[in-house]
Amino acid sequence: MDTTELSEKIRSNDPAVGLRAVGALHQLAEQVEAISVALAREQGWSWEKIGDALGMSRQSVHAKYGK
């Protein structure tokens, strides 16, 4: 689903269409987050700094991406 299609679906009056769009947005956000966390770690960022940037505790972000 491209961004134009996603944008159209978000405005739909059909809840099923809107909810599928929300799911797609969540999936995209998770992918962007994982890529960004990996990049930050490659650049020497601490788990605390990454957690602060994401609004999460360092423990939470490490538990999610530390393995």
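So for the range 17-35 (the condition being among the polar types (S, T, N, Q) and within 24 Å of Thr3 (Cα to Cα)), does at least one residue qualify?
Yes, the range 17-35 contains at least one residue that is among the polar types (S, T, N, Q) and within 24 Å of Thr3 (Cα to Cα).
Step by step: first the residues of the range 39-57, then only those that are surrounded by 14 or more Cβ atoms within 10 Å (Cβ to Cβ) and outside any helix (DSSP H, G or I), then the one that is farthest from the chain's Cα centre (by Cα). Which residue is that?
Among residues in the range 39-57 that are surrounded by 14 or more Cβ atoms within 10 Å (Cβ to Cβ) and outside any helix (DSSP H, G or I), the one farthest from the chain's Cα centre (by Cα) is Trp45.
Let's see how each residue does on (1) outside any helix (DSSP H, G or I); (2) β-branched (Val, Ile, Thr); (3) surrounded by 13 or more Cβ atoms within 10 Å (Cβ to Cβ); (4) touching a residue at least 60 places away in the same chain (Cβ under 8 Å):
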site	(1), (2), (3), (4)
His26	no, no, no, no
Glu33	no, no, yes, no
Val37	no, yes, yes, no
Gln59	no, no, no, no
Lys64	no, no, yes, no
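FYI, it's all coordinate maths here, none of it is from the lab. Note that the coordinates shown come from a computational prediction; the quantities given were computed from them, not determined experimentally. Heads up, the Cβs are rebuilt from the backbone with ideal geometry, glycines too, and the neighbour counts pull from every protein chain shown.
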